[in-house]
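The values are calculated or read from the model by the stated rules, or taken from the named source; none is laboratory data. In this text the structure is predicted, and so the values were computed from the model without any measurement. Heads up, the Cβs are rebuilt from the backbone with ideal geometry, glycines too, and the neighbour counts pull from every protein chain shown. Accessible surface areas use protein heavy atoms only, side chains included; no ligands, DNA or RNA. Shrake-Rupley method; radii C 1.70, N 1.55, O 1.52, S 1.80 Å.
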Amino acid sequence: MPEKIDYDAKIPNNVNLSEDRRLQRALEGWQPKFMHWWGEMGPTLETQGVYLRTAVSVGREGWAHFDHVNVPDYRWGIFLAERDPDRRIAFGEHKGEEVWQQVPGEYRADLQRLIVIQGDTEPASVEQQKLLGLTAPSLYDLRNLFQVNVEEGRHLWAMVYLLHAYFGREGRDEAEGLLLRNSGSPDAPRILGAFNEETADWLAFYMFTYFTDRDGKYQLGTLKESSFDPLSRTCEFMLKEEAHHMMVGTTGVDRVVTRSAELIREHDTLDIGPHGGIPLTLIQKYINFHYTVSLDLFGSETSTNAANYYTAGLKGRWQETRRKDDHKLTDDARTLEKPAEDGTWTSEELQAILLLNLDLRSEYVADCQTGVKRWNKILADAGIDHTFRLPHPGFNREVGINSGHHVTPDGTIVDEATWQAGKSKWLPTTEDLTFVRSLMHPVYERGKIASWVAPPRQGINGKPFDYEYVYLT
Amino acid sequence: MTTTTPVTFDRRPDEYRHWRLHVDGEVAWLEMDVDEQGGLVEGYELKLNSYDLGVDIELYDATQRLRFEHPEVRVVVVTSAKDKVFCAGANIRMLAASEHHWKVNFCKFTNETRNGMEDATEHSGQTYVAAVNGTCAGGGYEIALACDKILLIDDNSSTVALPEVPLLGVLPGTGGLTRVVDKRRVRRDLADVFATRPDGVKGKTAVDWRLVDELVPRQGFREAVAKRAREIARESGRTGEGGIELTPLEHRHVDIEVRKDQATITIKGPENDPGDLHEEGANGWFLAMTRELDDAILRLRTNEVEAGTWILKTVGDPEKVLAHEQTVLGGKDWLANEITHYFKRTLKRLDVTSRSLVALIEPGSCFAGSLLEIALAADRQYILDGPPIDDEDSDERATIRLSEANFGAFPMGNGLTRLQTRFYGDDDHLAWLAREKDHELSAAEAVELGLVTDAPDDLDWEDEIRIALEGRASLSPDALTGMEANHRFVGPETIETKIFGRLAAWQNWIFTRPNASGPEGALRRYGTGQKAVFDRKRV
């Protein structure tokens, strides 16, 4: 398997596409459909060139190459992490066996479903962020938006490659279906709920890239453990790119908090809305919303499907190989906290294998906590006595054991009326959203930035903040 | 799983937990909205509109009411009130936890309900349309298959599926396999692909393979379905108004007595002369008796699993039975039609009941015409040739009567009458019987005509019957079930006989095999995250 990416090919790749006529034809048939989709559903704002990162090889050196690129000409392609010829299955009933280079017939439907669901989320966020370019707070942010968008596009390619290469005609049909469903479409919505929500403003974008893309990181992390080696290698490379999206989210929220802190100090009031800043309470509401919608993406706390996927070796746990247990989990137990009818929390002991979604979610929650700590440190350093918190995992949930219960951010189970009365304190209201939107004016001048967000501490690839990251018409 | 409280089958729409029935002129909407916590038995949650016997009992009640209470309804739209889920089928945890007989009885009842939906379409012009608005798997698709038309939401992700073979190691138990090829005429190779795919088939492919009839866009789905329903309603021949209310069941005409391994069902003939069918409504003898018999069969089947022999008796005046029968079979309007078909379906329920059925014809009984069908449905018939056992001076003698009702009104699942089935291929005998209708037949004549198994006299009667019943009860109940089902359905196969005979037999076998029900079987392992272990030998 050559590591070097063949950039002369119509579709850049490191999978020897030129030698596989069937796959080449299939992907070349899909490519114009993808371009059409990008034209229809991709970023609205037209640019003359964006300073983008492109992979030229998957090794340490070559995967991040920077240059100005006309966005629709971005070379989307197929890059798999290098193959480890000794890799063995790390968990489930096939533990210890060689990993699979082909899809076992027995797991074909399950693997296809997993890939389709993962694939469906990738273009969805591009669609959700379609209009954001029109209100970017700086050229730096605009560039980051496009970077995230083209890479989500490439992640779609990654999943489509798998569908085309390993799942025959049905795989090709599913690959086409990924372009036919659209975020929020009344006729053919995206499969998962969170990907049909609007990303209407830049604070939402930062929150989305922090919380929702982070779910993506954990899902990819479990697929990286897959016994189906091409899926594992694809996800491994996607994870490298995904890390940047997290950075956009983490530093994005940082910068909003930093700017709000500045305005609070400057005007000596928490009510900084009139001064063009976003109040801390409103930031907390955004955290509450995006965090909980993202928790829903982990699915139900108890899941037979997840257990089946694990036993079969299709989808592992986060950092499976570092776990110190038998990697089969048939004899382990774990406790599940759940709301009771009488308004208290009870716990139930269940087989660990049935709680894999909860296991993954716990890893995710711990990770989300680090961002909150960061943001609180910014406030503390500015001498502001206010802290952000992640709400209780039972709060505002549509999926799993908490759905159907009313849980406040601090984890109290309340009745419908109390919940409704508190809702506007906990989640963004229409007025809140309108206010944030009112701040969203585009700033396309080099070195300038919108009133509600601080400039980044570092530019991209060592470039300064006032670098011309995006050439506009 | 065992229940301690007996299961009842009497339901009322305002007390449904799992369905919403809403009638809008000639179109009725039957929306599935299963209450997760509303399982009939403890120990499982009815997630994703999955169903158990309790859910199906309500569906059965709704289909009955639509026929009797809503003669104006020409189309019944079956859909889901939940978002993105039509129906996930029978609840697997319920099946996995159930005892064998419960699983089989559940399948039987759901089959009868599905057959009843098709019967409404065929014989009452009340066409069922499935509006599949989300995931539709297993028994969920089997509900859709029982409908005349299947409309599938075109959202690029909803599928129809029969995942039992790949996911559970069992068969779709409610006619899925049979209806796919026999009713919808899906090509057998495509049916094979379909039934081995756990993820099912969506969109255009589902239409191309004939698994569904039409795709309907997600936006405006309900309006489009309503419009289609009105179009189909226009093609229906059903006319009628002034439905009658199916009032709560009373046990006035059918009496049940259970003694450990034996149940006796006694049907009481009418006491009065027939009145106007519509005026009498649910109180009219024929309908009331049918409802009670239907209920009796269901309750005995579900709650009295060790009562392996059922003794069928009647008490009353044969003349009055025939007079009531005349108002139903001679009546030409929708209500007469409904009662006829309801009695037909109830007899069919008896035909497929896995109990030894023995009819005892004694002086004072009224096995005439329609009620004689009950005796003909039995595996054996004994007529007492002599005076009543407790009154040897009486001149009363047991008789039976053939009427027009025995010659086509109540066909069995194989499409034949019970007489055609009894005398299969013997047209001369059937012609002879036709000449013998409308008059009393004595015990000797009944023997000569081949209408009874034996005619013991009053000296032998008690011993003969006791020995016959005790002998029966000593045999393997499984072997009896198999033998009876074989003998009852001679001649041609129909969709119904395939479902009840062929499919149920296979399912029965598979349910007891270790590959499905063993500790490492697919049904037991389902939901544990562990994979089933199969014995790979093909049997």
Hey, can you list the residues from the stretch B:217-232 whose accessible area shrinks by 40 Å² or more with all protein chains present, relative to the chain by itself (probe 1.4 Å, no ligands or nucleic acids)? B:218, B:219
Which whole number gives the average, over all residues in B:195-206, of C-beta atoms from other chains lying within 10 Å of the residue C-beta? 2
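With charges only on Cβ, +1 for K and R and -1 for D and E, what is the dipole size of the stretch A:1-146 about its Cα centre, in debye, rounded to 20?
140
Specify, per residue and in Å³, the volume enclosed by the convex hull of the alpha carbon atoms belonging to the stretch A:83-156.
Measuring per residue, one finds 130 Å³ for the Cα hull of the stretch A:83-156.
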Directionally averaged projected area (convex hull, Cα atoms, the stretch B:431-511), nm²: 8.1
Probe 1.4 Å, all chains present, heavy atoms only: residue B:395 accessible area in Å², nearest 10, is 130
Sorted largest first, the Cα spans of the stretch A:146-229 on the principal axes come out in Å as 41, 33, 23
With all protein chains in place and a 1.4 Å probe, residue A:344 shows an accessible area in Å² (nearest 10) of 60
In the neighbourhood of residue B:56 defined by beta carbon distances under 10 Å, the net charge of the other residues (Lys, Arg +1; Asp, Glu -1) is -3
Cβ-defined net charge surrounding residue B:426, 15 Å radius [Lys, Arg +1; Asp, Glu -1]: -1
Normalised by the residues of the stretch B:8-69, what does the relative contact order come to in percent, with Cα pairs under 8 Å and at least six apart? 31
For the stretch B:63-107, the convex hull over Cα atoms projects on average to an area in nm² of 4.9
If you average the alpha carbon positions of the stretch B:198-214 and of the stretch A:30-94, how far apart do those two centres end up, in angstrom? 34
Take every DSSP beta bridge with both residues inside the stretch B:1-119 and express the antiparallel ones as a percent of the total, to the nearest 5. 45
Farthest towards the positive end of the dipole of the stretch B:1-132, among B:7, B:117, B:104 and with Cβ unit charges of +1 on Lys and Arg and -1 on Asp and Glu, lies the Cα of B:104
Mind grabbing the base-10 log of I(q)/I(0) for the stretch B:147-217 at q = 0.24 Å⁻¹? Debye formula, identical points on the C-alpha positions, no solvent, two decimal places. -1.12
Please compute, for peptide A:302-311, the average count of beta-carbon atoms on other protein chains lying within 10 Å of each residue's beta-carbon. 3
In Å and whole numbers, how far do the C-alpha atoms of the stretch B:213-256 stretch along each principal axis, longest first? 52, 24, 18
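Take the alpha-carbon positions of the stretch A:16-66, form their convex hull, and give its projected area averaged over all directions (one quarter of the hull surface) in nm².
5.1
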Entries of B:320/B:437; B:108/B:437; A:217/A:425; B:202/B:227; A:324/A:373 with Cα pairs more than 25 Å apart: B:108/B:437; A:217/A:425; A:324/A:373
Over the stretch A:256-337, what per residue volume does the convex hull of the Cα atoms give, in whole Å³? 165
Ordering B:513, A:317 from largest to smallest accessible area (1.4 angstrom probe), what's the sequence? B:513, A:317
Ordering B:221, A:211 by the accessible surface of their heavy atoms, 1.4 Å probe, largest first, yields B:221, A:211
State whether the stretch B:421-461 is rounded, prolate or oblate according to the following rule on the C-alpha gyration tensor (a ≥ b ≥ c being the square roots of its eigenvalues): a/c under 1.5 gives rounded; otherwise a/b larger than b/c gives prolate, and the remaining case gives oblate. oblate
If all Cα-Cα distances of chain B are sorted into 10 Å bins from 0 onward, what percent lands in each bin, rounded to whole numbers? 4, 18, 28, 26, 16, 7, 1, 0
Alpha-carbon centroid distance for the pair the stretch A:319-334 / the stretch B:150-193, whole angstrom: 37
Sequence-separation-based contact order of the stretch A:1-114, relative, with Cα cut under 8 Å and 6+ spacing, percent: 24
With a 1.4 Å probe and all protein chains kept in place, how much accessible area does residue B:286 have, in Å² rounded to the nearest 10? 10
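Students sometimes get this wrong: rank A:385, B:261, B:199, B:52 by accessible area, probe 1.4 Å, all chains present, largest first.
The ordering from most to least exposed comes out as A:385, B:261, B:199, B:52.
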For the stretch A:404-473: rounded, prolate or oblate by the Cα gyration tensor [a/c cutoff 1.5]: prolate
What number, in percent, do you get for the relative contact order of chain B if the mean sequence gap of Cα pairs under 8 Å and at least 6 apart is divided by its residue count? 12
D_trans [Stokes-Einstein, Kirkwood Rh over alpha-carbon pairs] for the stretch B:374-452, 10 °C, 1.306 mPa s, µm² s⁻¹: 116
From largest to smallest, what semi-axes in whole angstrom does the stretch A:105-257 give when each is the square root of 5 times an eigenvalue of its alpha carbon gyration tensor? 28, 17, 12
Taking every pair of alpha-carbon atoms in the stretch B:481-524, what share in percent sits in each 10 Å bin, from 0 to the bin with the longest distance? 26, 41, 24, 9
After finding the eigenvalues of the alpha carbon gyration tensor for the stretch B:1-144, what semi-axes result from the square roots of 5 times each, listed largest first in whole Å? 25, 16, 14
Taking Cα atoms only, Rg over Rh for the stretch B:28-74 with Rh from the Kirkwood formula is 1.08
Helix-only estimate, please: 222 nm mean residue ellipticity of chain A, summing -39500 (n - 2.57) across DSSP H runs of length 4 or more and dividing by its residues, to the nearest 500. -15000 deg cm²/dmol
Mind jotting down the three principal axis lengths of chain A based on Cα atoms? Whole angstrom, largest first. 66, 62, 42
Kindly state, as a whole number, the per residue volume in cubic angstrom of the convex hull around the alpha carbon atoms of the stretch B:400-539. 166
Selected from B:378, B:358, B:515, residue furthest toward positive end of dipole (chain B; charges at beta carbon): B:515
When DSSP assigns beta bridges and you keep just the ones with both residues in the protein assembly as shown, what percent turn out antiparallel, to the nearest 5? 45
Stokes-Einstein D for the protein assembly as shown at 25 °C, 0.890 mPa s, Kirkwood Rh over Cα pairs, in µm²/s? 76
For the stretch A:335-473, fraction of C-alpha pairs farther apart than 20 Å, in %: 68
Going by Cα centres, the stretch A:267-298 and the stretch B:66-143 are how many Å apart? 48
For the stretch A:248-386, state what percent of all Cα-Cα pairs lands in each successive 10 Å bin, counting from 0 Å until the bin that includes the largest distance. 10, 30, 23, 20, 13, 3
Please enumerate, by chain and number, the aspartates and glutamates with C-alpha under 14 Å from the C-alpha of residue A:338, excluding those fewer than 8 residues away in the same chain. A:301, A:348, A:349
What does the stretch A:18-154 give for Rg and for Dmax, in Å, if only its C-alpha atoms count? 18.3, 53
Run the dipole for the stretch A:225-348 about the Cα centre, Lys and Arg Cβ at +1, Asp and Glu Cβ at -1, nothing else charged, and hand back the magnitude in debye, nearest 20. 360
Positive-end residue, the protein assembly as shown charge dipole about Cα centroid, Cβ charges, pick of B:492, B:482, B:200: B:200
Need one value for B:523-530: mean number of C-beta atoms belonging to other chains within 10 Å of its residues' C-beta atoms. 6
Of the listed peptides B:92-104, A:323-335, A:148-160, B:53-65, what is their order by residue-averaged count of other C-beta atoms within 10 Å, with the highest listed first? A:148-160, B:53-65, B:92-104, A:323-335
Would you compute the Debye intensity of the stretch B:85-141 from its alpha-carbon atoms alone, equal scatterers and no solvent, and pass along log10 I(q)/I(0) at q = 0.12, 0.22, 0.25 Å⁻¹ to two decimals? -0.37, -0.94, -1.02
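Using a simple charge model, +1 on the beta-carbon of Lys and Arg, -1 on the beta-carbon of Asp and Glu, nothing else, what dipole does the protein assembly as shown show about its Cα centre, in debye to the nearest 20?
Dipole size: approximately 5320 debye.
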Report Rg(Cα)/(2.2 N^0.38 Å) for the stretch A:204-319, keeping two decimals. 1.39
